[in-house]
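Okay, so here's the structure we're looking at.
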Amino acid sequence: MNLAHTMRPTTLEEFVGQEHLVGKNGLIRKMIEKQSLFSIIFWGPPGTGKTTLASIIAHAFEADFHILSGVTSGKDDLLRIVKEAKEMVMFQKKTIVFIDEIHRWNKAQQDVLLPYVESGLITLIGATTENPSFEIISALLSRSRVFVLEPLELKDLETLVDRALKDKERGLGKYVKKVPASAREILIGLSGGDARIMLNALEIAVTTYKEKEITPHIIKQVFQVKSAGIYDKKGDEHYNTISAFIKSLRGSDADAAVYYLVRMLESGEDPTFIARRMIIFASEDIGLADRGALIQANAGFEAVDKIGMPEAQLILSHICIYLAKAPKSRLVVNALGKAKEVVLNNPNEPIPLHLRNAPTKLMKQLGYAKDYNWSEKYVGPTKDQSFLPEKLKGIKFVEEK
């Protein structure tokens, strides 16, 4: 038995979660009710119902339904389906192609698909865990509706557990097992919001262990890992988590910063990546408000690189808390940004003569380094002169608030 497969809903009434799409006023429900089919890209974390919704839509439209994998399928598989789709037209039957992990298809493969979607011969339903703006060609994206699937809520996951334990035909009802709240909490937590992982782990716990009550210890034994979350060091969750970490530091919320730090570390993030980001943060968001922040962050990076995991966690936490509690200033980054803008608009303003070097007699005759003095008592212009080019006099880049 594959519990996640056997318990897969076949109608919207059975579907759990994604109320914004399948609820009373949800666009998918309205699409089915009005029998108005269009191409869709489902974007969301694993185990949130992308494949299930595609299957439900295909069934509701009585369409010829094909499933392709973005990893193992390609142009030849698609063209075979296109040939069948042309035959289905004679029977007034729609063809829906579901491409799981469509972001794995390269531009050339997506280009092959485009004319058939554009002509309406094929209705595409793509599923991706990555941002479609970056992974799917704009022409295909413009001909599809992007629906964002949210991580399943706690109540949704609990509903799925209850159904699986009670259903005697498709689920685990015949085993008559109990899963107390303490064990459910761990089961749901270690599943990382992925219903597929959760149901398959529940199946192993119920069918492998003889105990009538599934304890927290049994659930931990099934997973055999600290976490089964959705963190991907090259995917959206990677960027979302580091963004939350930096924004927590910026907001001086040490508790949230430490939480996101641990979340990254427990998911296998490279500790030197986190340390490097904290060095950048020290200049960008603290700057001169705490002149020791950059020194601390850099020392933290060197210590992390020298010590390694798991002890490096202490150093990262140390620097994380220091930076979160430090006063914040955007003076450095603001000054840099303003200067860049002025240089972009005025790239070749003449350097004032008194600031130019004068290594030759001719240069001195032309006024280079005029009125600029080096002596034991004084270095600089001998009279009030601007250090900026003439056109830029008076511009302030470093503005104290």
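Entry comment: accessible area of the chain is 57 Å² per residue, from protein heavy atoms only and a probe of 1.4 Å.
Note on the stretch 76-206: lysine pairs with Cα distance below 28 Å, sequence gap of 8 or more or different chains, count 16. Each residue of the stretch 340-347 was assigned a 3J(HN,Hα) from its phi angle through the Karplus curve 6.51 cos²θ - 1.76 cosθ + 1.60 (θ = phi - 60°); the sequence is 4, 5, 5, 5, 4, 7, 9, x Hz, with glycine and proline shown as x. Each Lys and Arg contributes +1 and each Asp and Glu -1, all at the Cβ; summed about the Cα centre of the stretch 129-199, the dipole is approximately 460 debye. Residues whose amide H falls under 5 Å from that of I40, counting only those 5 or more places apart or on a different chain, are L124, I125, G126, R145, with hydrogens built in the peptide plane.
Overall, the accessible surface of the chain at a probe of 1.4 angstrom is composed of carbon and sulfur to the extent of 53 percent.
For the stretch 73-89, backbone phi angles converted through the Karplus equation (6.51, -1.76, 1.60; θ = phi - 60°) give residue-by-residue couplings of 9, x, 4, 4, 5, 5, 5, 5, 5, 4, 4, 5, 4, 5, 6, 5, 4 Hz, Gly and Pro being listed as x.
Of the Cα atoms belonging to the stretch 38-108, the radius of gyration and Dmax stand at 12.7, 38 Å.
Of K83, K306, the order by accessible heavy-atom surface (1.4 Å probe, DNA, RNA and ligands excluded), from most exposed downward, is K306, K83. Less than 5 angstrom separates the built amide H of L68 from those of F98, I99, D100, all sequence-distant by 5 or more or on a different chain.
Pairs of Cα atoms nearer than 8 Å and 6+ residues apart set the relative contact order; for the chain it is 12 percent.
Neighbours of D253 by Cβ distance under 15 Å: Lys/Arg scored +1, Asp/Glu scored -1, total +3. Would you mind counting up the charge near A339? Only other residues with Cβ under 13 Å from its Cβ, with Lys and Arg at +1 and Asp and Glu at -1. Its environment carries a net charge of 0.
Working value for the stretch 258-393: equivalent-ellipsoid semi-axes of 46, 17, 14 Å, each the square root of 5 times a Cα gyration tensor eigenvalue, largest first.
Using a probe of 1.4 Å on the protein chains alone, the accessible area found for F301 is around 50 Å². Taking every Cα-Cα distance in the chain and sorting them into 10 Å bins starting at zero, the pair-distance distribution P(r) comes out as 4, 16, 18, 19, 17, 11, 6, 5, 3, 1, 0 percent. The Stokes-Einstein estimate for the stretch 1-79, based on a Kirkwood radius over Cα pairs and taken at 20 °C with 1.002 mPa s viscosity, is a diffusion coefficient of 154 µm²/s.
Here's the picture: charge each Lys and Arg Cβ at +1 and each Asp and Glu Cβ at -1 in the stretch 129-212, and of L141, G189, N131 the one pushed furthest to the positive end of that dipole is G189.
Rounded to the nearest 20, the Cβ-based charge dipole of the chain about its Cα centre (Lys and Arg +1, Asp and Glu -1) stands at 720 debye. Estimated translational diffusion coefficient (Stokes-Einstein, Kirkwood radius over Cα pairs, 10 °C, 1.306 mPa s) of the stretch 109-216: 95 µm² per second.
Sorted largest first by accessible area at a 1.4 angstrom probe radius, with every protein chain in place, the residues W43, W105 fall in the order W43, W105.
Of all lysines in the structure, the ones whose alpha carbon falls short of 24 Å from that of K328, not counting any fewer than 8 places away in one chain, are K247, K338, K340, K396, K401. Neighbours of G171, meaning other residues whose beta-carbon lies under 12 angstrom from its beta-carbon, give a summed charge of +3 when Lys and Arg score +1 and Asp and Glu score -1. Rolled with a 1.4 Å probe across the full set of protein chains, the surface gives F397 an accessible area near 40 Å². Computed with a 1.4 Å probe on the full set of protein chains, the accessible area for I186 sits at about 40 Å². Computed per residue of the chain from DSSP H runs no shorter than four, each worth -39500 (n - 2.57), the mean residue ellipticity at 222 nm is -14500 deg cm²/dmol.
The values are calculated or read from the model by the stated rules, or taken from the named source; none is laboratory data. Since the model is a prediction, treat every value here as computed from it, not as a measurement. In this analysis, Cβ positions are derived from the backbone assuming ideal geometry, glycine residues included, and neighbour counts consider all displayed protein chains. All accessible areas refer to the heavy atoms of the entire protein, side chains included, with ligands and DNA or RNA removed. Shrake-Rupley method; radii C 1.70, N 1.55, O 1.52, S 1.80 Å.
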